[in-house]
1. Condition first: open to solvent by less than 100 Å² (accessible area, probe 1.4 Å) and of a type in the set (Ser, Thr, Tyr). Now tell me which residues in the range 176-199 satisfy that.
2. Among what's in the range 265-278 and is of a type outside the set (Ser, Thr, Tyr) and open to solvent by less than 40 Å² (accessible area, probe 1.4 Å), pick the residue that is nearest to GLN69 (Cα to Cα).
3. Does at least one position in the range 4-23 carry a residue that is in a helix (DSSP H, G or I), within 16 Å of PRO227 (Cβ to Cβ) and either acidic (Asp, Glu) or at pLDDT 90 or above (or both)?
4. If I filter the range 1-44 down to residues being open to solvent by 70 Å² or more (accessible area, probe 1.4 Å) and among the charged types (D, E, K, R), which single residue comes out as nearest to LEU91 (Cα to Cα)?
5. Sort out which residues of the range 45-88 are open to solvent by 40 Å² or more (accessible area, probe 1.4 Å), of a type outside the set (Ser, Thr, Tyr) and not in a helix (DSSP H, G or I), and write them in order of number.
6. Among the helices (runs of 4 or more DSSP H) contained in the range 200-251, which hold 2 or more residues that are surrounded by 14 or more Cβ atoms within 10 Å (Cβ to Cβ), hydrophobic (A, V, I, L, M, F, W, C) and free of Cβ contacts under 8 Å to residues at least 40 places away in the same chain?
7. Only one residue in GLY194, GLY172 is under 20 Å from the mean Cα position of the chain (by Cα) and small (Gly, Ala, Ser), so which one is that?
Amino acid sequence: MKKLFSIECKRAILSPFLWIAACIPIWLNLYGIVLSSYGFTITASSFFFENTPVICIFLSIFIPLHIGQEFEVRTINNKIMAGYSRSQIYLTEMLISILCGFLLLVTDIGSILLLAKITALSFGITFHEFFMECILCFVCVAVISALFTMITMLMHKRLSSIAVALCLTILGLQLGGNTVSDLRQEEYRVEKDGTATENVLYIKGLERTLANGHMLISPFAQAKYQPEMQYETADMKAENSLIFKNASHHWKFLMMNLIEIIVFTRLGLLLFKKQDLK
């Protein structure tokens, strides 16, 4: 399996699309940090995880392109004939997909840190907070990569896999963005005369429970919510949590994402083993 992993890793690294995808967040960070002007003070943390949705979109295209080629040129069949099991093939493809997602995140975060150093921006958050948020973000991207791997390994065709993965990503990000917007509403707003009035956009009761549930199970909603986590107070964190309300971080996301990775992997393996690849 080491040889298979090495071959697939080299094929992924040599993909021009992967490096184009890696350059896009760098350009977005360059534009946001160096080429833009703001009427308020910015910090490096103002840009952390802002490009995660963009990375998700690129993964929805890259992973089907990378894996789909294996089926269209029948390399998968050659690997099976060479003695590799379907489990080894599936797990290798999934691991490569996850590592590619990690590569895009590293280039994104690394470019922010480098540009912040060059422009003398303050960090904005503690290293501990940054480290915790990075863990949650990396696991979130791993879930999305595992999902796209399962879709492509079962559909085989590049174009159809891209269509499904891309539509799922756009829909997931749109719904996730709406949920984040709803959860960010404050219960009261201050008018010009200083009086506090009830915010009609603030959701509570069952509606808030459903929004928190959506946030818990959807990695796309978490990708949209990631930048907001850095600035949450303990009360805001508890209000936007379905479980583990008193935890210092959104460990519920980590727990649910790990469960989803296991589910997608086992389900994908089960169905892939039953497929006829002739």
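1. Once the filter is applied, which keeps residues that are open to solvent by less than 100 Å² (accessible area, probe 1.4 Å) and of a type in the set (Ser, Thr, Tyr), the range 176-199 yields THR179, SER181, THR195, THR197.
2. Of everything passing the filter in the range 265-278, LEU277 is nearest to GLN69 (Cα to Cα).
3. no
4. LYS2
5. Within the range 45-88, GLU50, VAL73, ARG74, ALA82, GLY83 meet the criteria.
6. 206-217
7. GLY172
Listed here are the residues, each with its yes/no results for (1) within 16 Å of CYS56 (Cβ to Cβ); (2) free of Cβ contacts under 8 Å to residues at least 12 places away in the same chain; (3) surrounded by 18 or more Cβ atoms within 10 Å (Cβ to Cβ).
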{"position": "THR92", "(1), (2), (3)": "no, no, yes"}
{"position": "SER97", "(1), (2), (3)": "yes, no, yes"}
{"position": "THR152", "(1), (2), (3)": "yes, no, yes"}
{"position": "ALA165", "(1), (2), (3)": "yes, no, yes"}
{"position": "GLN174", "(1), (2), (3)": "yes, yes, no"}
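The values are calculated or read from the model by the stated rules, or taken from the named source; none is laboratory data. On a predicted model such as this, the values are computed, not experimentally measured, just so you know. Methodologically, a virtual Cβ is constructed for each residue, glycine included, from the backbone with ideal geometry; neighbour enumeration extends over all protein chains shown. Each accessible area value is taken on the protein alone, full model and side chains, heavy atoms only, with ligands, DNA and RNA left out. Shrake-Rupley method; radii C 1.70, N 1.55, O 1.52, S 1.80 Å.
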